[in-house]
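Trainee: Here it is, the structure, as structure tokens.
The values are calculated or read from the model by the stated rules, or taken from the named source; none is laboratory data. For clarity, every value in this text was computed on a predicted model and none was experimentally measured. All Cβ positions, glycine included, derive from the backbone under ideal geometry; neighbour counts span all protein chains shown.
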Amino acid sequence: MDRDNKKNSIVKIVTSLAEPIVAEQGLELVDVEYVKERAWYLRIYVDKQGGIDIDDCSAISSKLAKLLDDKDVIKEQYYLEVSSPGIDRPLKKDRDFLANYGKKVEVQLFAALEGQKKLVGVLQSHTAEVVTILADKGEETVLERKNIAVIRPYIEF
């Protein structure tokens with residue numbers, strides 16, 4: 001099994017194991033990542049209305065770590081991290097997009113479009129293929145999802 005397939009398989013298995021644990025705590029499972037940096041990291045992102053705290057993370061981490069050990073899901077050594085996705089979490093799922101309709105988003109592209117790799121606009125709509133934003137000047141821009149590196153809420157300071 002190649003590395004990407006292995007990572008995807010682990011993410012699917014961990015997601016199915018984590019969802020009931022997270023729901024039992026009254027939280028939402030936002031995302032699961034299994035990434036190789038200097039070491040392997042299994043990152044579980046959880047959230048709830050009003051935000052999460054260290055006790056939420058600790059409860060999920062303890063229960064999930066035991067279950068992962070019991071099931072022997074991951075063969076190599078890894079670090080388990082449970083945290084909030086943060087206020088600038090990327091929009092990935094339909095519910096993320098829907099929750100941000102009418103709000104400003106920042107879109108980073110793989111390749112420049114009209115000389116720009118970063119666009120800011122109000123999220124109008126999305127499909128599996130495209131995302132539509134309304135720029136500050138009132139012009140609608142339709143972006144192919146395959147050209148988008150990341151899209152996240154725009155944070156103004």
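Trainee: Residue 12 passes all but one of (1) more than 27 Å from residue 129 (Cβ to Cβ); (2) modelled with pLDDT of 90 or more; (3) not in a strand (DSSP E or B); which number fails?
Mentor: (1)
Trainee: Further question: Out of all the residues in segment 131-148, is one or more in the same structural domain as residue 31 (by TED's automatic domain parsing), part of a loop (DSSP other than H, G, I, E, B) and either of a type in the set (D, E, K, R) or over 21 Å from the mean Cα position of the chain (by Cα) (or both)?
Mentor: Residues of segment 131-148 that are in the same structural domain as residue 31 (by TED's automatic domain parsing), as a first pass: none.
For segment 131-148, residues in the same structural domain as residue 31 (by TED's automatic domain parsing), part of a loop (DSSP other than H, G, I, E, B) and either of a type in the set (D, E, K, R) or over 21 Å from the mean Cα position of the chain (by Cα) (or both): absent.
Trainee: Counting residues that are in contact with a Cys (Cβ under 8 Å, 6 or more places away or on another chain) and either free of Cβ contacts under 8 Å to residues at least 12 places away in the same chain or surrounded by 18 or more Cβ atoms within 10 Å (Cβ to Cβ) (or both), which strands (runs of 3 or more DSSP E) fully inside segment 20-84 reach at least 1?
Mentor: Details: elements: 28-36, 40-47, 78-83.
Ranges flagged: 40-47, 78-83.
Trainee: Regarding residue 103, is this residue touching a residue at least 40 places away in the same chain (Cβ under 8 Å), loosely packed, with under 12 Cβ neighbours inside 10 Å and among the basic types (Lys, Arg)? I'd like the intermediate steps shown before the answer.
Mentor: Numbers: touching a residue at least 40 places away in the same chain (Cβ under 8 Å): yes; loosely packed, with under 12 Cβ neighbours inside 10 Å: yes; among the basic types (Lys, Arg): yes.
Here the answer is yes, as residue 103 does meet what is asked.
Trainee: Quickly run through segment 79-130 and pick out the residues that are more than 30 Å from residue 58 (Cβ to Cβ) and polar (S, T, N, Q).
Mentor: 108, 116, 124, 125, 127 - these are the residues of segment 79-130 that are more than 30 Å from residue 58 (Cβ to Cβ) and polar (S, T, N, Q).
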